[in-house]
Amino acid sequence: MIIFAIESSCDETSAAVIRAENDRVDILSNVVATQIETHALYGGVVPEIASRAHLEAISTVAERAIADADIVTSDIDAVAVTCAPGLIGALLVGVSFAKSLAYALGVPLIPVNHIKAHVAAVYPANPELKPPFYAVVVSGSHTSVYRVTGFTEFDEIGGSRDDAAGEAFDKVGRRLGLAYPCGAGMDALAAEGFLSALSLKLPSPHLKDTYDFSFSGLKTAAVNLIHNERQKRDLCDDDPLPDDIRKEIAAVFTRSVTDGIQKCLSSVIAEFGVAPIVLAGGVAANSHLRNALSTLAKKEGVSFISPSKDLCGDNAAMIGIQGYYEYRAGARAGCDLNAYASEESADANGVFSYETDA
Ligand code: KG4
Ligand code: ZN
């Protein structure tokens, strides 16, 4: 079947075409229009601006996805769309567009959970991967560890009690003078920092004896460390920290994040048993985190799987892939489909309430 998918939960307007048959999913097109440059001016995503930018981009992005896939609209068998979690105004643009398209074509509309879709990004390149496995989803708004027991069945084992890991990367990166979003910049800066011995220290985000994290505590400690290092050098507001210290702080921060996630996953495996490890979400593009979890997987004798870097960030291909599994499980939405800021509110409204799994 051919699925047309839409993603608009944050600052990327994306449309994709997926071909899915049995357990084989192929991405025929995946067009992503990013708003990063616009939001970089403000140091973060401005929700109202994001909604307007989605509205401006969505028709063109959708047309491009159809042209790139070399299909016509009458080839589309279903439309999948992110309806939670995310920025409500941003989500509504994609949901409204998807509802109109599904209605006009007379095809089913499939509501998709953005977090589950991040994990689905691994399936095209890893057709042999089947649940059960562990999934660590690390993004700008989410950090959770799941036991994935079916393509649509996720048990949350633990997660952040406050900020997401990506948010911490972005805030600390900004204090180190990097442009928003700072994840990729922090990755590169840390790589240089790791070349020298690290003497600075930061706390672990992993909360002892739990499967949970606090990235807010780590973020505050890193911001204080930057402040202290600036004070030691008597720097004025516009003076940057010396490069060697910036690199060391990026490396120490990255080490705390990666060690914390690795430690949590180690205790999850000790408690619940071995299973393949999937790392997904925007922060899964982090080379140090990929290395740390790949090392852990090797030690545990299980496979480590993460999407290619272009599929780690927000994109509609992952929505189409998860949409296929949701469709098989019986998920359907009508023209009354709404958008929800959180998974909890979507669940409370029964958006993803269907029991069977393929
Ligand atoms: O999944 P995503 O694209 O959007 C959300 O659903 O939140 O994740 C975006 C986050 C941003 O915080 C960005 O800084 C972070 O992913 N990120 C990274 C890297 N590339 C993107 N964080 C660390 N290292 C990276 N290489
Ligand atoms: Zn995301």
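The values are calculated or read from the model by the stated rules, or taken from the named source; none is laboratory data. This is a predicted model, so every value here is computed, not measured. FYI the Cβ positions are ideal-geometry reconstructions off the backbone, even for glycines, and counts take in every protein chain you see. SASA here: full protein model, heavy atoms, side chains in, ligands and nucleic acids out. Shrake-Rupley method; radii C 1.70, N 1.55, O 1.52, S 1.80 Å.
Worth a mention:
Yes/no per residue for (1) in contact with a helix residue (DSSP H, G or I) (Cβ under 8 Å, 6 or more places away or on another chain); (2) open to solvent by less than 30 Å² (accessible area, probe 1.4 Å):
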site: 198; (1), (2): yes, no
site: 205; (1), (2): yes, yes
site: 217; (1), (2): no, no
site: 232; (1), (2): no, no
site: 240; (1), (2): yes, no
site: 246; (1), (2): yes, no
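- Failed item in (1) assigned to a helix (DSSP H, G or I); (2) at pLDDT below 95, with residue 240 passing the rest: (1)
- Flag for residue 191 being surrounded by fewer than 22 Cβ atoms within 10 Å (Cβ to Cβ), part of a helix (DSSP H, G or I) and within 16 Å of ligand 2 (Cβ to nearest atom): no
- Members of segment 262-318 found to be hydroxyl-bearing (Ser, Thr, Tyr) and more than 16 Å from ligand 2 (Cβ to nearest atom), listed by number: 266, 267, 287, 294, 295, 303
- One residue alone among 163, 170 is in a helix (DSSP H, G or I), within 16 Å of ligand 2 (Cβ to nearest atom) and touching a residue at least 12 places away in the same chain (Cβ under 8 Å), and that residue is 170.
- Number of the exception - residue 136 against (1) under 21 Å from residue 285 (Cβ atoms); (2) crowded, with 24+ Cβ neighbours inside 10 Å; (3) more than 16 Å from ligand 1 (Cβ to nearest atom): (3)
- Residue within segment 304-323 that is over 17 Å from the mean Cα position of the chain (by Cα), farther than 20 Å from residue 191 by Cβ and either within 16 Å of ligand 1 (Cβ to nearest atom) or touching a residue at least 24 places away in the same chain (Cβ under 8 Å) (or both) present: no
- Test: residue in segment 19-37 that is among the β-branched types (Val, Ile, Thr) and outside any strand (DSSP E or B): yes
- Residue 103, sole failed condition from (1) farther than 30 Å from residue 208 by Cβ; (2) open to solvent by less than 60 Å² (accessible area, probe 1.4 Å); (3) away from ligand 2 (no atom under 16 Å from the Cβ): (2)
- Condition broken by residue 299, with the remaining ones in (1) open to solvent by less than 40 Å² (accessible area, probe 1.4 Å); (2) more than 10 Å from ligand 1 (Cβ to nearest atom); (3) outside any loop (DSSP other than H, G, I, E, B) satisfied: (1)
- Among the candidates 79, 119, 95, the residue that is of a type outside the set (D, E, K, R), assigned to a helix (DSSP H, G or I), open to solvent by less than 10 Å² (accessible area, probe 1.4 Å) and farther than 30 Å from residue 266 by Cα is uniquely 95.
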